[in-house]
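Notes follow the structure.
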Amino acid sequence: MPGDPRRAKWAAERFLDDVVCVNETRGMLGFTGTWRGNRVTIQGSGMGMPSLSIYANELLRDYGAKTLIRIGSCGGMQDHVGLRDIVIAMTSTTLATPSKGFFRELNYAPCADYGLLEAAVAASRKRNVRTHVGGIYSSDVFYDERPDLNDQMVRHGVLAVEMEAAELYTVAARFNARALAVLTVSDHLPTGAALSSEDRENSFAEMVEIALDAAFAEA
């Protein structure tokens with residue numbers, strides 16, 4: 001589940017065989033094909049937790065999906081997390097998600113499926129990719145105006161920031177499904193460094209391969 005529908009198209013055409021476009025509703029492209037004989041759908045989620053929540057709920061509730069993996073970009077928040085590095089999100093901190101109303105006063109802790117996480121770490125090690133595993137921050141805004149909050153994220157060891165994983169993990173838990181976020185560091189908050197468009201595409205291929213390996217590690 002990449003956020004960008006065009007990234008869904010790129011990943012499907014690059015990694016899957018016998019690809020068919022199965023969804024164009026609201027411009028959120030989805031494609032189904034096979035990878036090493038395994039049936040795979042790559043479905044865009046849109047930006048932000050409200051958008052992802054719609055697609056994750058429908059994939060799990062209406063289409064019988066059991067494994068959802070977010071592939072996307074993130075902003076590094078620690079000095080040792082560099083551009084092109086892979087971040088595998090064990091947990092995701094957030095101010096709020098669309099599921100907040102389910103929990104009322106409870107501060108639910110969204111976390112990844114351990115089997116998927118372990119398989120993704122193994123896949124990244126096999127490729128000798130520089131990888132970080134730990135907590136990330138799912139922000140509900142793109143243009144952040146809370147530098148004080150970012151400072152606390154850095155202080156508490158949060159590896160990176162993105163906009164979808166916390167809700168993905170929460171929805172998956174509700175449906176007893178597996179979920180994971182495998183992310184590529186495309187920019188770095190402390191330094192302002194960022195990948196070019198060409199470098200992003202070249203770097204993102206490793207992330208997709210790791211996600212596919214993890215999804216079918218036991219298949």
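The values are calculated or read from the model by the stated rules, or taken from the named source; none is laboratory data. Just so you know, these numbers come straight off a predicted model, no measurement behind them. So basically every Cβ, Gly included, is an ideal-geometry build from the backbone, and we count neighbours across all protein chains shown. SASA here: full protein model, heavy atoms, side chains in, ligands and nucleic acids out. Shrake-Rupley method; radii C 1.70, N 1.55, O 1.52, S 1.80 Å.
A few remarks follow.
- Residue check for residue 195: under 24 Å from residue 150 (Cβ atoms) and modelled with pLDDT of 95 or more: no
- Filtering segment 106-114 for residues that are surrounded by fewer than 20 Cβ atoms within 10 Å (Cβ to Cβ), in contact with a Pro (Cβ under 8 Å, 6 or more places away or on another chain) and either without any contact (Cβ under 8 Å) to a residue 40 or more places away in the chain or not small (Gly, Ala, Ser) (or both) leaves an empty set.
Conditions (1) of a type in the set (Gly, Ala, Ser); (2) open to solvent by 20 Å² or more (accessible area, probe 1.4 Å), marked per residue:
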position: 123; (1), (2): yes, no
position: 148; (1), (2): no, yes
position: 159; (1), (2): no, no
position: 162; (1), (2): no, no
position: 165; (1), (2): yes, no
position: 180; (1), (2): no, no
position: 188; (1), (2): no, no
position: 199; (1), (2): no, yes
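- Contact map, segment 192-219: first residue in contact (Cβ under 8 Å) with a residue 12 or more places away in the chain, second residue open to solvent by 60 Å² or more (accessible area, probe 1.4 Å) and basic (Lys, Arg), Cβ cut-off under 6 Å, separation 6 or more or different chains; pairs are 203/84.
- Test: residue in segment 187-203 that is in a helix (DSSP H, G or I), under 14 Å from residue 87 (Cα atoms) and not hydrophobic (A, V, I, L, M, F, W, C): yes
- If the condition is being open to solvent by less than 40 Å² (accessible area, probe 1.4 Å) and either in a helix (DSSP H, G or I) or of a type in the set (Ser, Thr, Tyr) (or both), then segment 167-178 contributes 167, 168, 169, 170, 171, 172.
- Residue check for residue 144: charged (D, E, K, R), open to solvent by 50 Å² or more (accessible area, probe 1.4 Å) and not in a helix (DSSP H, G or I): yes
- Residue list for segment 198-219, filter: modelled with pLDDT of 95 or more and among the hydrophobic types (A, V, I, L, M, F, W, C): 207, 208, 210, 211, 212, 214, 215, 216
- With respect to the stated conditions, residue 19 fails to be farther than 12 Å from residue 167 by Cα and touching a residue at least 40 places away in the same chain (Cβ under 8 Å).
- Residue satisfying condition, being over 27 Å from residue 174 (Cβ atoms) and open to solvent by less than 20 Å² (accessible area, probe 1.4 Å), within set 76, 82, 134: 76
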